[in-house]
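Peer 1: Here it is, the structure in full.
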Amino acid sequence: MESDSKLEDLRSVLSCVFEKLGAESLTEPDRVELVARAEVVQDQIDAIQDVIDDEEQLAGH
């Protein structure tokens, strides 16, 4: 399923962002930008997950 592939890609991106957030040499502006990116990626993950959940509910009925 295409949604699963996109979901895995986004989760990978989010994981990388969190790794970067853990870097000790991170400046405050970089940290703020990374947090903003993480929020956008998480919103995309949530939207895809909602579609998957809706498809599963429709298939179950």
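The values are calculated or read from the model by the stated rules, or taken from the named source; none is laboratory data. Model, not experiment: these values are computed from the prediction. Cβ placement follows ideal geometry from the backbone for every residue including glycine, while neighbour counts extend to all protein chains displayed. Keep in mind that these areas ignore ligands, DNA and RNA; they rest on the heavy atoms of the full protein, side chains included. Shrake-Rupley method; radii C 1.70, N 1.55, O 1.52, S 1.80 Å.
Peer 1: Under 8 Å between Cβ atoms, at least 6 apart or on separate chains: pull out the pairs that start in segment 46-57 with a residue that is under 16 Å from E8 (Cβ atoms) and end on any residue that is of a type in the set (K, R).
Peer 2: I48/K6
Peer 1: Limited to segment 21-57, what total is found for residues that are in contact with a helix residue (DSSP H, G or I) (Cβ under 9 Å, 6 or more places away or on another chain), open to solvent by 70 Å² or more (accessible area, probe 1.4 Å) and modelled with pLDDT under 90?
Peer 2: 1
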